[in-house]
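Undergrad: The structure's right below; bear with me while I get my questions together.
The values are calculated or read from the model by the stated rules, or taken from the named source; none is laboratory data. Predicted model, so just to flag it, every value in this text is computed and none were measured. Here the Cβ positions follow ideal geometry from the backbone for every residue, glycine too, while neighbour counts run over all protein chains shown.
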Amino acid sequence: MERKLFLRQGFAALGISFIAPLANSCKKNDVTTDTTTDGSETGTGSGSDTCTVAPTETEGPFPTKNPSAYERSDITDGRSGYKLTVNITVGQVSKNCAALAGAIVDIWHCDAEGNYSEYGGTQMQSTNYTSVHFLRGRQTTDNNGLVTFTTIFPGWYQGRATHIHVHIYNASGTSLKVTQIAFPEGSGSALLAVNGYSKGMSGYTYNASDNIFSDDKDGVEMSTVTGDKTNGFSLAIQLNVP
């Protein structure tokens, strides 16, 4: 998976366009879906209800450089966008997916324009945000295995569906899982309501064509997103570690 993503990025850096293979469908467990003509799916999504380890995905190309410095629940840092509350529950497969208390959870994602903090001034991201740290944070799971972050609804950038990066460690700091969170698409979805902010959705890569999410046939990486632009959105997902 990492190789696929970085091959695509390498082609882009050379000015060669990359067209991801279009999957016929990407149905998720517990999701009432109808595939639309643009490759998206209707429904809100609720992820997989099976006790399955979350897929391992790439951290790059914009991982947090010093995640321990950003222990906080509100990661907005003044970035403009629709409010999003992110609720991540960590389960442990070796214990029948019981809640894992004391796990360390890092998240990071792009802003409304598709840019990441801590990077920029390069061909990959022209806007220079190397000196700021917005939309990055760390929390420790409570007794219910839950962490909650306040952030904004992510934007998107070329070649990727809207997503959030997650890195989970045990209490001692040993890495347990690096993965990503997908957003439901189609009629009635928050993604459609936000509509790419000022960029719109022209050229958007839907989950079925995304190099990371296209093979997630069981919906393990698919979140549930509710709410609206006026009151804000709420995302929920359970991510299981070994």
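Undergrad: For region 70-102, what are the residues that are free of Cβ contacts under 8 Å to residues at least 60 places away in the same chain and in a helix (DSSP H, G or I)?
TA: Kept after step one, since they are free of Cβ contacts under 8 Å to residues at least 60 places away in the same chain, are these residues of region 70-102: 77-78, 95-96, 98-99, 101.
Selection gives Lys95 alone.
Undergrad: Restricted to region 226-240, and to residues that are of a type in the set (Val, Ile, Thr) and surrounded by fewer than 22 Cβ atoms within 10 Å (Cβ to Cβ), which residue is farthest from Ile181 (Cα to Cα)?
TA: Residues of region 226-240 of a type in the set (Val, Ile, Thr): 226, 230, 237.
Keeping just the survivors that are surrounded by fewer than 22 Cβ atoms within 10 Å (Cβ to Cβ) gives 226, 230.
Values: Thr226: 15, Thr230: 23 Å.
The qualifying residue farthest from Ile181 (Cα to Cα) is Thr230.
Undergrad: Starting from residues that are among the charged types (D, E, K, R) and surrounded by fewer than 21 Cβ atoms within 10 Å (Cβ to Cβ), keep the ones in region 178-218 and report whichever is nearest to Leu100 (Cα to Cα).
TA: To start, the set of residues in region 178-218 that are among the charged types (D, E, K, R) comprises 185, 199, 210, 215-218.
Cutting the leftovers down to surrounded by fewer than 21 Cβ atoms within 10 Å (Cβ to Cβ) gives us 199, 215, 217-218.
Numbers: Lys199: 39, Asp215: 26, Lys217: 25, Asp218: 22 Å.
For region 178-218, the residue satisfying everything is Asp218.
Undergrad: Of the conditions (1) under 16 Å from the mean Cα position of the chain (by Cα); (2) at pLDDT 50 or above, Ser46 clears all except one; give me its number.
TA: Failing condition for Ser46: (2).
Undergrad: Can you tell me which residues in region 165-212 are in contact with a helix residue (DSSP H, G or I) (Cβ under 8 Å, 6 or more places away or on another chain) and at positive phi?
TA: Gly186
Undergrad: Let me ask something additional. I need the full set of residues from region 126-138 which are part of a loop (DSSP other than H, G, I, E, B) and either basic (Lys, Arg) or within 15 Å of Arg79 (Cβ to Cβ) (or both), in order please.
TA: Listed by number, the residues that qualify are Thr127, Tyr129, Ser131, Val132, His133, Phe134, Leu135.
Undergrad: Of all residues in region 90-134, count the ones that are under 18 Å from Tyr157 (Cα atoms) and among the small types (Gly, Ala, Ser).
TA: 6
Undergrad: Follow-up question, since we're still on this one. Looking at Gln123, is it closer than 25 Å to Ala190 by Cβ and surrounded by fewer than 18 Cβ atoms within 10 Å (Cβ to Cβ)? Write out each step before concluding.
TA: Working: closer than 25 Å to Ala190 by Cβ: no; surrounded by fewer than 18 Cβ atoms within 10 Å (Cβ to Cβ): yes.
No; evaluated as a whole, the condition is false for this residue.
Undergrad: Shifting gears a bit: If a residue has to be surrounded by fewer than 20 Cβ atoms within 10 Å (Cβ to Cβ) and touching a Ser or Thr at 6+ places or on another chain (Cβ under 7 Å) to count, how many in region 94-111 make the cut?
TA: Taking region 94-111 as the starting set, the residues that turn out to be surrounded by fewer than 20 Cβ atoms within 10 Å (Cβ to Cβ) are 94-99, 101-102.
Among the residues that remain, those that are also touching a Ser or Thr at 6+ places or on another chain (Cβ under 7 Å) are: 99, 101-102.
Residues that pass the stated criteria total 3.
Undergrad: Another question, then. Of all residues in region 91-110, how many are within 28 Å of Asn66 (Cβ to Cβ) and among the hydroxyl-bearing types (Ser, Thr, Tyr)?
TA: 0
Undergrad: Regarding Ser223, is this residue touching a strand residue (DSSP E or B) at 6+ places or on another chain (Cβ under 9 Å) and either surrounded by fewer than 20 Cβ atoms within 10 Å (Cβ to Cβ) or not charged (D, E, K, R) (or both)? Before the answer, list the steps.
TA: On the way: touching a strand residue (DSSP E or B) at 6+ places or on another chain (Cβ under 9 Å): yes; either surrounded by fewer than 20 Cβ atoms within 10 Å (Cβ to Cβ) or not charged (D, E, K, R) (or both): yes.
The answer is yes for Ser223.
Undergrad: Right, something else. Restrict the check to region 139-154 and report whether at least one residue is assigned to a loop (DSSP other than H, G, I, E, B), modelled with pLDDT of 95 or more and more than 16 Å from Asn87 (Cβ to Cβ).
TA: Of all residues in region 139-154, those assigned to a loop (DSSP other than H, G, I, E, B) come to 141-145, 153-154.
Restricting the remaining residues to those that are modelled with pLDDT of 95 or more gives 141-145, 153-154.
So of that shortlist, the ones also more than 16 Å from Asn87 (Cβ to Cβ) come out as none.
No, every residue in region 139-154 fails to be assigned to a loop (DSSP other than H, G, I, E, B), modelled with pLDDT of 95 or more and more than 16 Å from Asn87 (Cβ to Cβ).
Undergrad: Report, by residue number, each residue of region 155-165 that is assigned to a loop (DSSP other than H, G, I, E, B) and closer than 12 Å to Val86 by Cα. Working first, answer last.
TA: From region 155-165, those assigned to a loop (DSSP other than H, G, I, E, B) are 155-162; that's our starting set.
Passing the criteria: none in range.
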